[in-house]
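Visitor: Here's a structure for you.
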Amino acid sequence: VVGNCFSLQKEHETAITFFRRAIQLNPSYTYAHTLCGHEYTSNEDFERAIACYRDAIRVDCRHYNAWYGLGAIYFRQEKFDLAEYHFQRALDINSQSSVLHCHLGMAQHQNGKTMEALDTLAGAFRLDPRNPQAHYQRATIFMTLDRPQDALSELEK
């Protein structure tokens, strides 16, 4: 709880200290590993963040937040194949997440899987029609396909 308070105040180093202490007290506390990874990601210390997310997955291989965290890092690093793989693993665990569908669709698009990305993003707003990111990403893809009317239609939804 204390680590989250410091995280919300953008005091990432202090938050990391508290999450590491929580891990020290209970190494099987999966979420502490993941939260620590999020803090390292915020500091752009991707190597340590990846280690934290992998530790979380070692403790609980069904912890989709850690799979998502790895995917997000790889996406930022433009390692889109790895990002897609990790987002898909997260989505396999939590298939009802509109956010995960959206991130997977973005990675698929970057990997040249345009039609698959459009389908994945459509799934995102079927789950949550208020997800503006899914509509925006679909519109962006339509623009890359030189389909401005479809893009406009997507943004008007």
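The values are calculated or read from the model by the stated rules, or taken from the named source; none is laboratory data. Just so we're clear, the structure is a prediction, and the values are computed from it rather than from any experiment. In this analysis, Cβ positions are derived from the backbone assuming ideal geometry, glycine residues included, and neighbour counts consider all displayed protein chains. Calculation scope for accessible area: heavy atoms of the full protein, side chains included, ligands and nucleic acids excluded. Shrake-Rupley method; radii C 1.70, N 1.55, O 1.52, S 1.80 Å.
Visitor: Using helices alone, I'd like the mean residue ellipticity at 222 nm for the chain: each DSSP H run of four-plus residues gives -39500 (n - 2.57), total over residue count, nearest 500.
Guide: Working: 10 runs with 124 residues, N = 157.
The helix contribution divided over the chain gives -24500 deg cm²/dmol.
Visitor: Net charge around Ala139, counting only other residues with Cβ within less than 14 Å of its Cβ (Lys, Arg = +1; Asp, Glu = -1)? Could you put the intermediate results ahead of the total?
Guide: Numbers: positive: Arg138, Arg147, Lys157; negative: Asp146, Asp150, Glu154, Glu156.
Taking every Cβ under 14 Å from that of Ala139, the sum is -1.
Visitor: Averaged per residue, what accessible surface does the chain expose to a 1.4 Å probe, in Å²? Numbers along the way, then the final one.
Guide: Details: 8810 Å² over 157 residues.
Accessible surface, normalised per residue, equals 56 Å².
Visitor: Return the whole-Å distance between the Cα centroid of segment 12-51 and the Cα centroid of segment 117-147.
Guide: 32
Visitor: Please list the equivalent ellipsoid semi-axes of the chain, computed as the square roots of five times the alpha-carbon gyration tensor eigenvalues, in descending order and whole angstrom. Working shown, then result.
Guide: Numbers: eigenvalues 211, 46, 38 Å².
One finds semi-axes of 32, 15, 14 Å for the chain.
Visitor: Still on this structure: Using a probe of 1.4 angstrom, how much of the accessible area of segment 83-157 is carbon and sulfur, in percent? It would help to have the intermediate numbers written out before the result.
Guide: Working: 2030 of 3980 Å².
Of all accessible area on segment 83-157, carbon and sulfur atoms account for 51 percent.
Visitor: Rounding to the nearest 20 debye, state how big the charge dipole of the chain is about its Cα centre with +1 on each Lys and Arg Cβ and -1 on each Asp and Glu Cβ.
Guide: Values: 16 positive and 19 negative charges, 72 e Å.
Using only the charged Cβ atoms, the result is roughly 340 debye.
Visitor: Right, something else. Ignoring everything but the protein chains, give the 1.4 Å probe accessible area of Lys157 in square angstrom, nearest 10.
Guide: 140
Visitor: If you take the square roots of the eigenvalues of the alpha-carbon gyration tensor of segment 70-157 and sort them as a ≥ b ≥ c, do you get rounded (a/c under 1.5), prolate (a/b over b/c) or oblate?
Guide: In terms of gyration-tensor shape, oblate.
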